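**Student:** A single structure is presented below for examination.
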Amino acid sequence: MDGSVYTGSVLVGADGARSKIRQWMYQDLDDKRLLPSSDKQPMKCDFICLVGITEPLDPKVCPPVKDTKAVFTIMCPNNEPQTTAVMNVPDNKVAWMVIANPTDFPPPQTYSQISKSSPTYAIRSAWGHDAASAMSSALKPTSVPYGGERFGALLEHTRSDKISKVLLEEKIFKTWSSGRVVLLGDACHKLYPSGGQGANQAIMSAVSLANLLYQLPSNRLEDVETCFHTYRAQRRFQVWFASVLTKVCTYIFSGKSRFASLTRYLILNKVPNWMVRLGSNFAAQDRPQAVFLPFVNDGGNIRPYHQSQCFQRPMASLRPAAV
C-alpha cells in the first residue's frame, strides 16, 4: 500500500472468494447489526483439488494428445479415494486434475497457530508450492484415465510451477451490496468449478451490473441502491440454478458414498441424454449482452433468453419491495 486515495461514486468488490471488500462491508454491517447470520458462516469446502498442465508429450507414448478435439475424461474408481480428470489441450499437452477429500490432506499443524499472526505465511504453508508438492507426491499411485497409467506418469512431465493446490469452496452470500458498495463474482457467489460456471456466472453478473450502471439516472444514493438491488434480483435465480448444477456434478463425479455411486450409475446409464441436456441448456440460455455496445448475432445452437426488459423501462419501476 502506497497511501494513495481514490474517489468515486461506487465501489465494486470483484476481488475473489477471499474478498477484502466483502470483509470490510460485512464488518460494517455486523457492527450495525444488519448482517444476516448466514453471511457470518464460512464457505463450505468438501473437496480440495490439485491441478496442473504437462509439458508437450510424445503422441506415440500418449496417443490422446493427437486428437484435434479437446476430450474431457473423468475417472472415479470405487477402490480409490480420489477422482481424476484429464483433457488434451493444444501443443500436445494434457491438463489434469485430482479431486480429494480435505481430511486426507490437512494443512500443516502449525497452520492454526500462525494463521492469525501471519495470515499470508499461513496461506502459503497450506496452499503454496511446498504443500502442492507434498500432495503431488502422495497422489502418484492414483489412477488416471489414460490406458491404466498412474498419476505419477503425468507428474513426471509437469513442471512444479504449473501445479496448484486449490480449495473447492461453495457459497452464495445473501448480502451483495451496502450503500455505494457492491460485490461481484466469487466475492458474492462462489461456485464449484464444474463446467466453468464460476467464471461464466461472474462474467454474466459483470454484464448485468455494467448495464444497470450505464443507465444509472443519477449518482444519488437512492438510485445507486436501487441499481444494486435490481442487479441482485436479476442474477440471483441464475446463480442459484448454476450452483445446483455444479454441486450435483461435483458430488456425483467426486463423491465416494454409496448414494453418489448409485446416482452416478443412474445418470450415466439410465437417464436419457435429452433430460441431462435440459438442465445444461437452461443454464446456457442466459447470455446477456452489454446494452452500451452494438449487439452481436448469437449463432449458438441454444437460443438465448431475450435481453432483459429492464433496459426498456425506468429502473425505478423494478425497485424491489424487499430484498
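Any read-out appearing in this document is the output of simple, stated calculations on the displayed coordinates, not a laboratory observation. Computed from a prediction, not measured in an experiment: that's the story for all the values here. So basically every Cβ, Gly included, is an ideal-geometry build from the backbone, and we count neighbours across all protein chains shown.
**Student:** Only Lys, Arg, Asp and Glu count, each charged at its Cβ (+1, +1, -1, -1), so figure out the dipole size of the chain about its Cα centre, rounded to 20 debye.
**Tutor:** Computed about the Cα centre, the dipole is about 720 debye.
**Student:** Right, next: Can you tell me how much longer the chain between Trp274 and Ala199 gets when fully stretched, taken as 0.36 nm per residue apart minus their C-alpha distance, in nm with one decimal?
**Tutor:** 24.5 nm
**Student:** Let me ask another. In whole Hz, with x marking every Gly and Pro, tabulate ³J(HN,Hα) for the range 281-294 from phi via Karplus 6.51 cos²θ - 1.76 cosθ + 1.60, θ = phi - 60°.
**Tutor:** For the range 281-294, the Karplus-derived couplings read 5, 4, 5, 6, 6, 8, 9, x, 10, 5, 6, 8, 10, x Hz, x marking Gly and Pro.
**Student:** Just from the alpha-carbon atoms, what are the Rg and Dmax of the chain in angstroms?
**Tutor:** Every Cα atom of the chain included, Rg and Dmax give 22.4, 65 Å.
**Student:** Compute log10 of I(q)/I(0) for the range 155-300 with the Debye formula, placing one identical point scatterer on every Cα and leaving out solvent, at q = 0.12, 0.13, 0.21 Å⁻¹, to two decimals.
**Tutor:** -0.66, -0.75, -1.28
**Student:** While we're here: Given a 10 angstrom Cα cut-off, can you work out which residue in Pro294, Pro63, Pro145 is the most mobile in a GNM of the chain?
**Tutor:** Taking springs between Cα atoms under 10 Å, the residue moving most is Pro294.
**Student:** Rounded to the nearest 500, what is the 222 nm mean residue ellipticity of the chain from helices alone, with -39500 (n - 2.57) per DSSP H run of 4+ residues and division by all residues?
**Tutor:** -11500 deg cm²/dmol
**Student:** Next up: Looking only at Ala260, Ala70, Ala17, which one moves most when the chain is put into a Gaussian network model with springs between Cα atoms under 10 Å?
**Tutor:** Most flexible of the set in this elastic network: Ala70.
**Student:** Then there's this: Excluding residues on the same chain fewer than 8 positions from Lys165, give the lysines whose Cα lies under 18 Å from its Cα.
**Tutor:** Within the straight-line cut-off, Lys165 pairs with Lys44, Lys140, Lys190.
**Student:** Among Thr54, Thr83, Thr250, determine the one that fluctuates most according to a GNM of the chain built with springs between C-alpha atoms less than 10 Å apart.
**Tutor:** Checking each option, the largest mean-square fluctuation is seen for Thr54.
**Student:** Of all trypsin sites (Lys or Arg not before Pro) in the range 1-62, which ones are in loop regions per DSSP and have a Cβ with at most 15 other Cβ atoms within 10 Å?
**Tutor:** Counting only loop positions with at most 15 other Cβ atoms within 10 Å, the trypsin sites (Lys or Arg not before Pro) in the range 1-62 are Arg18, Lys32, Arg33, Lys60.
**Student:** Which Cα, out of Tyr265, Phe173, Met204, lies furthest along the positive dipole direction of the chain (beta carbon charges, K/R +1, D/E -1)?
**Tutor:** Tyr265
**Student:** Let me ask you something else. Compute the distribution of all C-alpha to C-alpha distances in the range 224-264, in bins of 10 Å from 0, and list the percent of pairs in each, rounded to whole numbers.
**Tutor:** 28, 29, 21, 15, 7
**Student:** State the antiparallel share, in %, of DSSP beta bridges confined to the chain, rounding to the nearest 5.
**Tutor:** Of those bridges, close to 90 percent are antiparallel.
**Student:** Would you work out the relative contact order for the chain, in percent, from Cα pairs under 8 angstrom that are 6 or more residues apart?
**Tutor:** Relative contact order here is 19 percent.
**Student:** To continue, here is another question. Would you mind ranking His129, His157 so that the residue whose beta carbon has the fewest other beta carbons within 10 Å leads the list?
**Tutor:** Least crowded to most crowded, the residues run His129, His157.
**Student:** For the range 42-48, what does the Karplus curve 6.51 cos²θ - 1.76 cosθ + 1.60, with θ = phi - 60°, yield as ³J(HN,Hα) per residue in whole Hz, taken in order and with x for Gly and Pro?
**Tutor:** With the stated coefficients, the range 42-48 comes to x, 5, 7, 9, 9, 9, 10 Hz.
**Student:** Calculate how steeply helix 258-269 sits against the longest principal axis of the alpha-carbon atoms of the chain, using the helix alpha-carbon long axis, and give the answer as 0 to 90 degrees to the nearest 10.
**Tutor:** 90
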